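No value in this document is a laboratory result; all are computed from the given coordinates. This structure is a prediction, so every number in the text was calculated from the model and none was measured. When we count neighbours, we look across all protein chains shown, and the Cβ atoms used for this are built from the backbone with ideal geometry, even at glycine.
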Amino acid sequence: MNSFRVFYSPYYYADIGENHVFPIKKFELVKDKLLQEGTLQDSEIIEPQPAKIEDVLLIHTEDYISRLRNGALTAKEIRRLGLPWSESLVRRSFLATSGTINAARHAFRNAVASNLAGGTHHSFPDRGEGFCVLNDVAVAIRVLQKENLVQRFLIIDCDVHQGNGTAFIFKDDAEVFTFSMHGAKNYPLFKETSTIDIELPDRTGDAEFLETLSEALPRIFTHEPDLVFYLGGADPFELDKLGRLGLTIEGLRRRDEMVLSFAREKEIPIVTTMSGGYAEDINDTVEIHCNTIRAVKRVFAEPQIKNASG
């Protein structure tokens with residue numbers, strides 16, 4: 001694991017108010033916990049620079065980005081976004097997008113990398129929604145395609161909310177397979193169409209979730225991607241304020257290991273992003289996100305077993 005890197009900036013924080021449902025402090029808390037326990041070393045953390053405007057414009061409209069940067073979003077747009085506008089929000093959005101771009105480049109060359117943010121899958125080309133300002137995974141995909149680094153992609157979205165913006169962006173792109181496994185009755189009210197959507201009933205627990213995911217993974221990997229993006233949302237957790245599913249922390253850890261192990265066995269590079277998490281106790285959200293990085297370390301540190309023939 002000497003080549004493993006995570007991307008993080010202290011400016012992933014933005015001032016959105018102390019009582020906001022979005023736990024903006026989780027990014028720093030995850031990083032601190034992983035360092036303190038020794039899962040991560042300082043040398044494994046890289047601080048990204050803000051994403052380039054020309055890269056963001058590969059996905060987003062010039063009108064939206066211009067008004068976003070200049071604080072000229074309408075009141076309706078800000079309500080739909082669900083976050084108050086500020087310069088620090090714009091800065092964190094460009095930094096988190098860059099974190100995913102750089103994690104993707106690194107993973108392609110080194111099997112795996114992580115962004116301690118990202119997975120903002122509700123963002124559309126012309127607007128933000130559901131706490132998602134920029135669609136970081138979509139931008140990263142277009143950047144890697146432009147660089148002729150990677151052409152075929154698989155997005156495994158296990159956030160409790162459907163990745164509607166991502167599904168919309170890639171609906172006509174045969175090179176990008178979008179898979180979303182989410183709560184049927186949760187946000188967004190009107191779903192887009194992913195390549196494959198699996199909708200789960202309220203209170204779905206560990207056993208049903210993991211069995212469903214295990215059955216789905218062989219189907220979605222028939223796309224034969226060159227790179228996988230994994231959105232390991234913490235919000236399917238049973239005590240999540242916005243979740244409505246019934247997974248335990250242990251069940252979510254097993255979910256992460258299942259996805260990561262499948263990619264490793266197929267020898268396909270994978271990028272992890274954090275996506276959502278809104279537990280009553282922020283420490284539960286932090287633990288779930290930390291488990292994703294712990295799973296990366298565990299899965300990719302294990303020696304690869306090859307058939308000894310001849």
Peptides 54-63, 94-103: what's the order by average Cβ count within 10 Å, highest mean first? 94-103, 54-63
Any residue on another chain or 5+ positions along whose placed amide H is under 5 Å from the amide H of R203 is listed here as L245, G246
Provide the per-residue ³J(HN,Hα) series for segment 106-117, in order, calculated from phi with Karplus coefficients 6.51, -1.76, 1.60 and θ = phi - 60°, each as a whole number of Hz, with x at glycine and proline positions. 5, 4, 4, 8, 10, 5, 7, 7, 9, 10, 7, 5
Per DSSP H run of at least 4 residues, take -39500 (n - 2.57); add these up for the chain, divide by its residues and hand me the 222 nm value, nearest 500 deg cm²/dmol. -12500 deg cm²/dmol
Long-range amide H contacts for F177: which residues qualify at under 5 Å (H placed 1.01 Å from N, peptide plane, sequence gap of 5 or more or a different chain)? F153, L154, I155
For A117, list long-range residues whose amide hydrogen, built 1.01 Å from N in the peptide plane, is under 5 Å from its own amide hydrogen. M274
Only one of the listed values, [x] 38, 29, 18; [y] 27, 22, 21; [z] 31, 28, 17, was derived from the coordinates as semi-axes √(5λ) of the Cα gyration tensor in Å; which label is it? [y]
Convert 37 °C to kelvin, take the viscosity as 0.692 mPa s, use the Kirkwood radius over C-alpha pairs of segment 28-186 as Rh, and evaluate the Stokes-Einstein diffusion coefficient in µm²/s, rounded to a whole number. 200
At each listed q (0.27 Å⁻¹), what is the log10 of I(q)/I(0) that the Debye formula gives for segment 1-85 modelled as equal alpha-carbon point scatterers? -1.28
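For a protection proxy built on the mean count of beta-carbon atoms within 10 angstrom, sort 83-89, 28-34 highest first, please.
Most protected by this proxy first, the peptides run 28-34, 83-89.
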Using θ = phi - 60° and Karplus 6.51 cos²θ - 1.76 cosθ + 1.60, couplings along segment 22-38 (whole Hz; Gly, Pro as x): 6, x, 4, 7, 5, 4, 5, 5, 5, 4, 4, 5, 5, 6, 4, 7, x
Give me Rg/Rg_expected for segment 170-310, where Rg uses Cα atoms only and Rg_expected = 2.2 N^0.38 Å with N residues. 1.09
With θ set to phi - 60°, apply the Karplus curve 6.51 cos²θ - 1.76 cosθ + 1.60 along segment 275-284 and write out the HN-Hα couplings as whole Hz, x wherever there is a Gly or Pro. 6, x, x, 9, 5, 3, 9, 4, 5, 5
State the three equivalent ellipsoid semi-axes of segment 134-203, derived from the C-alpha gyration tensor as the square roots of 5 times its eigenvalues, in descending order and whole Å. 24, 10, 10
Expected-Rg normalisation [2.2 N^0.38 Å, Cα atoms] applied to segment 226-293: 1.12
Over the Cα atoms of segment 114-234, how large are the radius of gyration and the largest Cα-Cα distance (Dmax), in Å? 13.8, 43
